[in-house]
Amino acid sequence: MLLKALEIPDGEVRPYGWIAREIGHPDAVRAVGTALAKNPVPLLIPCHRVVRSDGTLGRYSMGGSRAKRTLLSLEGAHPETMERLASRGIRYLGNPEAGHYCYPTCGGDIERMVQNYKLPLHDEREARRAGLKPCGSCRPPALAA
């Protein structure tokens with residue numbers, strides 16, 4: 001679980017459920033949270049890049065949510081924009097021209113994503129209805145066919 005967090009690039013975030021799904025245990029979201037909370041080297045294994053499934057930042061074992069916000073800001077993740085999207089229930093951003101949808105921080109530039117990916121999405125069903133497929137880079141969940 002901890003090693004999977006290493007795959008999240010600077011300036012990007014993923015939800016706890018992403019790690020659970022990526023390690024082959026999609027129902028182990030709480031276990032992922034517990035493991036990350038016990039991360040013995042939080043600056044080396046970037047658990048600050050893991051957020052709640054609703055898009056809000058959540059807690060951070062090394063200094064609380066304020067420290068998490070600071071670290072994400074230093075990496076260019078724009079936590080204020082992430083929280084604004086989360087407060088509106090937006091979990092993904094879709095790009096109809098490219099035919100895919102992403103987590104808002106995909107590529108490490110949320111401000112560019114908000115401008116260029118014109119389709120705000122609340123869930124995978126909306127993405128499927130729009131004819132979009134999950135991004136191959138950030139790998140958001142796909143609705144089973």
#### Entry: Positions within the stretch 60-104 being more than 11 Å from VAL13 (Cβ to Cβ) and among the aromatic types (Phe, Trp, Tyr), in sequence order
TYR60, TYR92, TYR101
### Task
Please specify each residue of the stretch 10-24 satisfying the condition of being within 18 Å of TYR60 (Cβ to Cβ), over 10 Å from the mean Cα position of the chain (by Cα) and open to solvent by 20 Å² or more (accessible area, probe 1.4 Å).
ASP10
### Test result for LEU119, at pLDDT 90 or above and within 12 Å of the chain's Cα centre (by Cα)
no
### Query
Can you pull out the residues in the stretch 40-56 that are free of Cβ contacts under 8 Å to residues at least 40 places away in the same chain and within 14 Å of the chain's Cα centre (by Cα)?
HIS48, VAL51, ARG52, SER53, ASP54, THR56
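Of all residues in the stretch 39-57, how many are among the charged types (D, E, K, R) and crowded, with 17+ Cβ neighbours inside 10 Å? Spell out how you get there, then give the answer.
Initially, the stretch 39-57 is screened for residues among the charged types (D, E, K, R), giving 49, 52, 54.
Within this subset, residues satisfying the condition of being crowded, with 17+ Cβ neighbours inside 10 Å are 49.
The qualifying residues number 1.
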### Unmet requirement for THR34, which otherwise passes all of (1) touching a Leu at 6+ places or on another chain (Cβ under 7 Å); (2) at pLDDT 90 or above; (3) open to solvent by 60 Å² or more (accessible area, probe 1.4 Å)
(1)
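Among helices (runs of 4 or more DSSP H) lying entirely in the stretch 58-145, which contain 2 or more residues that are surrounded by 17 or more Cβ atoms within 10 Å (Cβ to Cβ) and of a type in the set (S, T, N, Q)? Give the derivation first.
On the way: elements: 64-74, 79-87, 110-116, 124-129.
Hits in the stretch 58-145: none.
The values are calculated or read from the model by the stated rules, or taken from the named source; none is laboratory data. Worth saying up front: this structure is predicted, and the values here are computed from it rather than measured. Here the Cβ is made from the backbone with ideal geometry for all residues, glycine too, and neighbour counts use every protein chain on show. Only protein heavy atoms, including side chains, enter the accessible area calculation; ligands, DNA and RNA are left aside. Shrake-Rupley method; radii C 1.70, N 1.55, O 1.52, S 1.80 Å.
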